[in-house]
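One structure is given here, and the rest of the page talks about it.
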Number of protein chains: 2
Amino acid sequence: MTAYRSPCPIATTLDIVGDRWTLVILRDLLTGKSRYSEFLTSPERITTNILADRLEKMEAAGLIERSPYQQRPLRHAYRLTDMGRALHPMLREMCRWANRYVPGTWTPPESFVRE
Amino acid sequence: MTAYRSPCPIATTLDIVGDRWTLVILRDLLTGKSRYSEFLTSPERITTNILADRLEKMEAAGLIERSPYQQRPLRHAYRLTDMGRALHPMLREMCRWANRYVPGTWTPPESFVRE
């Protein structure tokens, strides 16, 4: 992505990760998943077309990198770049907010919310 | 909104505010705007139909409240609820992230990023 709506850092962040799925995939990467098939097993049940689209956009945005882990058929593993990993504090605040205001949400592991 | 994709606090937060516009409006409310016409003047140039839709959804989600400030024609002012205001720390992390990783983004006023 090269053009943002404004130089506002909030609008710009939303231009990059402001949709319902990108940060769900990022959560999975932060908690140890790395393969296409693993993302599909998450409870939100992302569809294959959305998953493929978001992985491609996340790589183009510099949030993730991929490398082959198998040749026939070719399969890639995904991992966060420093830029992607740096979104962790934002996800931490999302957890705090939902845990406080939305009844029934899971409390994340202490290791995830610890600063 | 009543049904979420999962009990994950990240997915749930995204179900509520995970789009490109809701948090731009919330930023404007946090920085002192309250009227429909004021939101339209922001540099992201939100359209009237998206603005009306998001304000309605934000009110339904409990993030904002509205009250009339003029009768003929009827005009409403919007303000954040405690639940809406509590998203501020998340926006602060978005600012830090974009300021660090996306060249050219504005540095927000100290009053906005101070804990």
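Nothing in this text is a laboratory measurement; each read-out follows from the coordinates by a stated rule. Computed from a prediction, not measured in an experiment: that's the story for all the values here. Heads up, the Cβs are rebuilt from the backbone with ideal geometry, glycines too, and the neighbour counts pull from every protein chain shown.
Here are the numbers for this structure:
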| item | result |
| --- | --- |
| Phi to ³J(HN,Hα) by Karplus 6.51 cos²θ - 1.76 cosθ + 1.60 over region A:92-100, Hz, x for Gly, Pro | 4, 5, 5, 4, 4, 5, 5, 4, 7 |
| Distance from region B:33-95 to region A:10-88 (C-alpha centre basis), Å | 31 Å |
| Shortest-first nm distances, residue A:49 label point to equivalent points in other copies (7 Å, Cα→Cβ) | 2.2 |
| Scattering curve values for region A:3-95, log₁₀ I(q)/I(0), Debye with Cα scatterers, q = 0.12, 0.17 Å⁻¹ | -0.38, -0.74 |
| Calculated [θ] (222 nm, deg cm²/dmol) that DSSP helices of n ≥ 4 give over chain A, each run adding -39,500 (n - 2.57) | -13500 deg cm²/dmol |
| Bins of 5 Å from zero: percent of alpha-carbon pairs in the protein assembly as shown | 1, 6, 14, 18, 19, 17, 12, 7, 4, 2, 1, 0, 0, 0, 0 |
| Selection of trypsin sites (Lys or Arg not before Pro), region B:6-47, meeting DSSP coil and at most 12 other Cβ within 10 Å | B:45 |
| Other-copy label distances relative to residue B:60, 7 angstrom Cα-Cβ extension, nm | 3.1 |
| Cα-centre dipole for region B:9-81 with unit charges at Cβ (Lys and Arg positive, Asp and Glu negative), debye to 20 | 300 debye |
| Cut-off 20 Å, label 7 Å out along Cα→Cβ of residue B:114, residues of region B:24-56 by amide N | B:27-33 |
| 7 Å along Cα→Cβ, label-point gaps from residue B:111 to other copies, nm, shortest first | 4.3 |
